[in-house]
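Right, one structure below, let's go through it.
The values are calculated or read from the model by the stated rules, or taken from the named source; none is laboratory data. Just so it is clear, the model here is predicted, and its values are computed rather than measured. Cβ sites come from the backbone with ideal geometry, for glycine too, and all protein chains shown count toward neighbours. The area values use the complete protein model at the heavy-atom level, side chains included, leaving out ligands, DNA and RNA. Shrake-Rupley method; radii C 1.70, N 1.55, O 1.52, S 1.80 Å.
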Amino acid sequence: MSAAINQNPGNGNGAARPVAIAVENICKRYGDFEAVKSVNFSVAEGEIFGLLGPNGAGKSTLIRMMTTLIPVTSGKAIVAGHNVADDPDDVRRVIGVIPQALTSDQDLTLEENLSIYAKLYGVPRAEREKNINDVLEAVDLTKWRDAQTKTLSGGMRRRLEIARGLVHNPKIFFLDEPTTGLDPVSRIAVWEMLNKLKSTRNLTMLLTTHYMEEADKLCDRIAIVDHGTLVALGTPVELKNSVAGANVVEVHFDRETEEWEERLTKLEGVTSVQPESAGFYRVLTTSGSKTTMQIVELAASLGETLTSLSVQNTTLDDVFIHYTGRQLRDEQVKPVFTMPPRPGAQP
Amino acid sequence: MNRMFAIIEREMRKFFRSPTLMIMSLMLPILQLIIIGNAFGGKIVGTHVAVVDHDHGPQAVKVREAFDAVAANIKTFTVVDYPNEVEAREDVRTGKIDAAVIIPEHYSRRVYAQDAPQLGLIVDNSDLFTSATLEGEMQSLVDAMNAPQVQDRLSKSIALEIVELYPYVNYLKYLLPMTVALAMYISVMIGGGMLYIDDKARGVHEGYLVTPITKLELVFGLNIAGAIKATLSGISIGVIGSLIAGLGVVFHPMIMLQMLCLIIAGSIAFNGMMFLLMVRVDDPLVPRAMFGVLNVLLLYPSGAMYPTVSFPKWMQAMSVVDPFTYAIHGFKAVLLKDGGWIAIRGDLAFLTIFGIATLLIATPLFKRTL
């Protein structure tokens with residue numbers, strides 16, 4: 001597996017921009033287990049940077065080290081010019097963090113939640129009211145200002161979390177799986193909001209996700225992490241191009257035989273064949289149209305019937321699977337008790 | 001400092017927004033006061049005592065008259081006639097009656113002859129309280145019957161004059177100090193134990209940890225909020241419990257001040273202890289599992305329900321380091337004895353030092369990171 005790692009943000013959309021986050025040979029060990037192994041990357045100011053990876057890949061560990069939540073074992077992370085190990089409080093002052101769980105107090109109103117966090121971040125009294133108004137406006141929750149958080153939907157609560165992370169006007173915004181558990185409409189609303197925030201507030205954002213579409217639509221650059229290692233880094237286009245095969249042909253034969261995979265692999269331009277289910281294959285090819293014709297001819301010559309045949313461009317799903325493989329990740333992780341949701345709580 | 005107040009504000013807002021939690025945390029101590037106070041504190045009345053009269057003489061009639069006087073006045077027992085001793089003993093054993101008095105043959109003759117007359121009393125000593133009460137009552141009757149009909153002008157026997165310093169303290173009043181301490185403990189257990197760990201598990205603390213709040217601000221914010229909640233709980237139960245128990249002294253300004261000082265010191269001590277116990281706990285099931293165990297370990301050795309001098313040495317050692325002991329001793333000294341500052345200064349000192357010490361031990365153990 002070859003990693004397409006382009007660590008220089010200048011080559012992506014962030015050309016010649018100052019670096020907001022620089023991660024150098026960062027490692028995290030829990031006893032003998034190495035959760036993050038010597039990862040390097042940098043994020044330019046104003047960039048939206050995505051960390052993609054399967055469950056247990058080390059994304060959350062990385063983000064927690066950068067946000068000072070867990071100590072770094074070795075290497076260093078510089079956030080807004082401050083080393084997270086040496087100047088954690090300086091880092092905390094300039095970052096906003098949206099954790100994976102919805103942690104705003106359900107019994108408090110939106111304004112109270114924001115006010116308490118503004119105080120925790122040390123926002124002066126004179127600016128507090130204005131900041132709260134601004135962030136509520138930014139996440140389109142102004143009219144819910146005095147509502148108790150428990151009355152909000154899941155999507156609205158996620159927007160409140162975003163507002164909470166912005167209440168002190170941070171320069172860098174960390175979001176750990178910001179749309180997990182949201183319905184598609186709410187998810188799109190959050191994407192639009194993050195894009196708007198990026199343009200209006202010149203925020204640098206680093207987010208983790210395992211939604212490929214989210215990473216593709218939101219991120220200027222994406223790093224794919226697997227087994228604690230950075231396996232690929234680049235713009236979505238660069239990553240797609242890094243996978244051999246410009247197109248994906250999905251073919252479903254009426255009858256499954258053992259020879260299909262071998263026959264498909266031998267076709268001209270085919271770079272890889274991924275069996276999906278009985279008679280169903282995803283074929284990565286440099287020329288979708290040519291391979292399609294060849295498959296039709298192959299089926300006709302063998303007297304086999306095609307149930308379906310489609311051609312599409314390479315997606316981030318293909319990139320993700322290419323770099324991380326297809327095996328299920330069920331490594332044992334440190335047991336962490338999570339509370340069941342409160343009755344009536346939104347997911 | 002503002003950050004610490006933000007933590008306190010958040011905790012207090014949550015506390016006041018959860019009326020069910022508030023009511024339930026006050027309910028248990030109030031119910032204990034009412035139920036245990038009334039269950040254990042009342043006098044025994046209405047028991048049934050069998051009388052097996054083998055004598056039927058004038059002195060036996062005198063005994064019966066004495067029994068009838070008890071039944072008519074203090075109502076400790078009523079009398080049931082039984083034909084024989086065997087049947088009476090069997091009915092005491094099966095619980096049909098509570099005791100049996102045997103008046104033997106020739107009882108009257110022996111009384112007149114002053115020839116060691118005896119009355120028999122069969123009791124069910126598996127029920128300590130009832131048997132002790134009946135024994136005491138019977139002994140009083142026998143003493144009265146033994147007293148000479150004509151008293152000497154100058155008593156020749158030694159008399160014990162008992163001076164009770166305080167008005168009669170019924171069990172409801174006796175339990176009130178325990179109830180106030182228990183209310184504070186429950187508040188600390190729920191607020192400083194369960195909700196604290198629940199917040200950790202839900203990721204609320206993660207939200208705090210990414211802000212520039214210092215470890216001390218966070219620790220003090222959480223503990224001051226916990227102590228305020230316990231103090232409010234102690235004050236509420238102190239007032240409600242006093243009204244239920246009929247203790248008006250709690251409204252005397254000096255008593256109020258002394259109670260307030262004890263409640264604040266007790267809240268600091270209980271909260272510090274709970275914070276120390278929970279500082280490294282992540283699993284929300286732990287404080288729930290510990291609730292009952294801690295209750296037994298802290299409440300019973302404290303002398304809340306039974307004097308500590310009756311305990312074995314190891315339990316007395318437990319009571320020495322138990323903050324409940326000092327809180328309850330202080331509340332008793334103030335509410336039941338009006339002992340003043342002298343009576344409670346030791347308790348105040350212990351509780352304050354205990355609270356500060358546990359907090360000082362817990363603070364370095366508190367992790368500023370996940």
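Looking across segment B:229-244, the residues that are surrounded by 23 or more Cβ atoms within 10 Å (Cβ to Cβ) and not polar (S, T, N, Q) come down to B:Lys229, B:Ala230, B:Gly234, B:Ile237, B:Gly238, B:Gly241. The conditions of being away from every other protein chain (no Cβ under 14 Å) and buried (at least 24 other Cβ atoms within 10 Å of the Cβ) are not met by A:Phe33. Filtering segment A:294-321 to residues that are modelled with pLDDT of 85 or more, farther than 13 Å from A:Phe253 by Cα and not in a helix (DSSP H, G or I) leaves only A:Val311. Could you list all residues from segment A:99-121 that are under 21 Å from A:Ser60 (Cα atoms), surrounded by fewer than 24 Cβ atoms within 10 Å (Cβ to Cβ) and facing chain B (nearest Cβ under 7 Å)? Once the filter is applied, which keeps residues that are under 21 Å from A:Ser60 (Cα atoms), surrounded by fewer than 24 Cβ atoms within 10 Å (Cβ to Cβ) and facing chain B (nearest Cβ under 7 Å), segment A:99-121 yields A:Ala101, A:Thr103. In segment A:136-147, of all residues being assigned to a helix (DSSP H, G or I) and more than 8 Å from A:Leu110 (Cβ to Cβ), the one that is most open to solvent (accessible area, probe 1.4 Å) corresponds to A:Lys143.
For segment A:75-98, the count of residues that are assigned to a loop (DSSP other than H, G, I, E, B), touching a Gly at 6+ places or on another chain (Cβ under 8 Å), within 11 Å of another protein chain (Cβ to nearest Cβ) and surrounded by 18 or more Cβ atoms within 10 Å (Cβ to Cβ) is zero. For segment A:148-171, a residue qualifies if it is open to solvent by 40 Å² or more (accessible area, probe 1.4 Å) and assigned to a loop (DSSP other than H, G, I, E, B), and the qualifying residues are A:Ser153, A:Asn169, A:Lys171. Here B:Leu141 meets the list (1) open to solvent by 70 Å² or more (accessible area, probe 1.4 Å); (2) part of a helix (DSSP H, G or I); (3) in contact with a helix residue (DSSP H, G or I) (Cβ under 8 Å, 6 or more places away or on another chain) almost entirely, failing just condition (1). Of the residues in segment B:285-303, at least one is open to solvent by 30 Å² or more (accessible area, probe 1.4 Å), within 14 Å of chain A (Cβ to nearest Cβ) and either touching a residue at least 40 places away in the same chain (Cβ under 8 Å) or closer than 23 Å to B:Leu175 by Cβ (or both). On inspection, B:Leu351 qualifies as modelled with pLDDT of 95 or more and under 23 Å from the mean Cα position of the chain (by Cα).
Scan segment B:164-201 for residues that are of a type in the set (Lys, Arg), more than 11 Å from every other protein chain (Cβ to nearest Cβ) and over 28 Å from B:Ser242 (Cβ atoms) and the total you get is 0. Filtering segment B:320-346 to residues that are open to solvent by 10 Å² or more (accessible area, probe 1.4 Å) and assigned to a helix (DSSP H, G or I) leaves B:Val320, B:Val321, B:Thr325, B:Tyr326, B:His329, B:Lys332, B:Gly340, B:Trp341, B:Ile342, B:Ala343, B:Arg345, B:Gly346. For B:Gly207, state whether it is on the phi > 0 side of the Ramachandran plot and out of contact with any Asp or Glu (no Cβ under 6 Å at 6 or more places or on another chain). No: the conditions fail for B:Gly207. Output the residues belonging to segment B:164-215 that are closer than 17 Å to B:Met4 by Cβ, in contact (Cβ under 8 Å) with a residue 60 or more places away in the chain and β-branched (Val, Ile, Thr). Result: B:Thr211, B:Ile213, B:Thr214.
Residues in segment B:202-216 that are assigned to a helix (DSSP H, G or I) and either within 16 Å of A:Gly96 (Cβ to Cβ) or more than 7 Å from chain A (Cβ to nearest Cβ) (or both): B:His205, B:Glu206, B:Gly207, B:Tyr208, B:Leu209, B:Lys215, B:Leu216. Every listed requirement among (1) of a type in the set (A, V, I, L, M); (2) within 30 Å of A:Glu111 (Cα to Cα); (3) buried (at least 19 other Cβ atoms within 10 Å of the Cβ) is met by B:Met24 save one, (3). Scoring B:Leu21 on the criteria (1) under 35 Å from the mean Cα position of the chain (by Cα); (2) free of Cβ contacts under 8 Å to residues at least 60 places away in the same chain leaves a single failure, condition (2). For segment A:202-216, filtering for residues that are over 23 Å from A:Arg29 (Cα atoms) and either surrounded by 18 or more Cβ atoms within 10 Å (Cβ to Cβ) or β-branched (Val, Ile, Thr) (or both) leaves 8. Please pick out the residue among B:Gly226, B:Gly221 that is in a helix (DSSP H, G or I), within 13 Å of chain A (Cβ to nearest Cβ) and crowded, with 23+ Cβ neighbours inside 10 Å. Just one listed residue meets the conditions, B:Gly221. Among the conditions (1) in a helix (DSSP H, G or I); (2) more than 30 Å from B:Arg368 (Cβ to Cβ); (3) among the small types (Gly, Ala, Ser), the only one that B:Ala265 does not satisfy is (2).
Remark: B:Leu33 matches the filter, which requires a residue to be away from chain A (no Cβ under 14 Å) and open to solvent by less than 70 Å² (accessible area, probe 1.4 Å).
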